[in-house]
1. Could you figure out which of (1) under 17 Å from residue 129 (Cα atoms); (2) of a type in the set (S, T, N, Q); (3) surrounded by fewer than 17 Cβ atoms within 10 Å (Cβ to Cβ) isn't true of residue 57?
2. Within segment 138-150, identify whether any single residue is outside any strand (DSSP E or B) and acidic (Asp, Glu), and answer yes or no.
3. I'm trying to understand the selection: among the residues of segment 155-183, which are of a type outside the set (Gly, Ala, Ser), at pLDDT below 80 and either surrounded by 13 or more Cβ atoms within 10 Å (Cβ to Cβ) or touching a helix residue (DSSP H, G or I) at 6+ places or on another chain (Cβ under 9 Å) (or both)?
4. Does residue 20 satisfy the criteria of being among the hydroxyl-bearing types (Ser, Thr, Tyr) and modelled with pLDDT of 85 or more?
5. Determine which single condition residue 52 fails, assuming it passes every other condition in (1) in contact with a Ser or Thr (Cβ under 8 Å, 6 or more places away or on another chain); (2) under 19 Å from residue 105 (Cα atoms); (3) at pLDDT 95 or above.
6. In the list 79, 83, which residue meets the criterion of being of a type outside the set (Lys, Arg), touching a His at 6+ places or on another chain (Cβ under 7 Å) and modelled with pLDDT under 95?
7. In this structure, does residue 107 turn out to be modelled with pLDDT of 95 or more, farther than 22 Å from residue 56 by Cβ and of a type outside the set (Phe, Trp, Tyr)?
8. Just for segment 29-49: of the residues that are closer than 19 Å to residue 175 by Cα and in contact with an Asp or Glu (Cβ under 8 Å, 6 or more places away or on another chain), which one is modelled with the lowest pLDDT?
Amino acid sequence: MKRLALLAAFALFLAAAPASAQFAVYGGGGAAIPTGDDLEDVESGLQLLGGFTYDLSEKLSLYGEGQWGTHDIEDSDISVSPSALMAGLLLGLAGDEDAALSPYLFGGLGLQTLSVDDDGSDPSDSAFGYQVGAGVGFDLGSLPTFLEGRYQAASFDADSEVGELDFSIFSIILGFSFDLGGDN
């Protein structure tokens, strides 16, 4: 239900945005490395993401994204699949719009879901989460490309189906973006 509400909010935002707004869609993937004591048996895995940006000004953008990942648990047949719906702000740091490299910072909040596949019961639960990161945009030929590092975390309480757990990962993501037009 929480996911549906967040998706509905994104849809309303998109519908209310002026037609002249600068939109872009993006997607990427990379390595996700678990951090923290609660995840010592969780192996590094894969994180995939896709989303959109909407330019609020020349340097400030709003973003919304969906994420999915997978990690194996050491010496077992159990796997953990984190997913998230996040929204936040992206701050461009380049002084020149035509610079070869465009560094940026971002941060966001959203719904983090953790699903465990253990061939018996498959517990799953959601919690409030956040992410922060930095990256650089550049052109790979004529294709707008980005490389970024991000830290993402959520805390699940003792009443959670997955148990009391502080879930956090550091990811290195390579991705591509595609402008959808506008004149901002």
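The values are calculated or read from the model by the stated rules, or taken from the named source; none is laboratory data. Keep in mind it's a predicted model, so treat the numbers as computed, not measured. So basically every Cβ, Gly included, is an ideal-geometry build from the backbone, and we count neighbours across all protein chains shown.
1. The single condition residue 57 does not satisfy is (1).
2. no
3. Within segment 155-183, 161, 162, 164, 165 meet the criteria.
4. no
5. (1)
6. None of the others qualify; the one that does is 79.
7. No, not satisfied.
8. Looking at residues that are closer than 19 Å to residue 175 by Cα and in contact with an Asp or Glu (Cβ under 8 Å, 6 or more places away or on another chain), I get 45.
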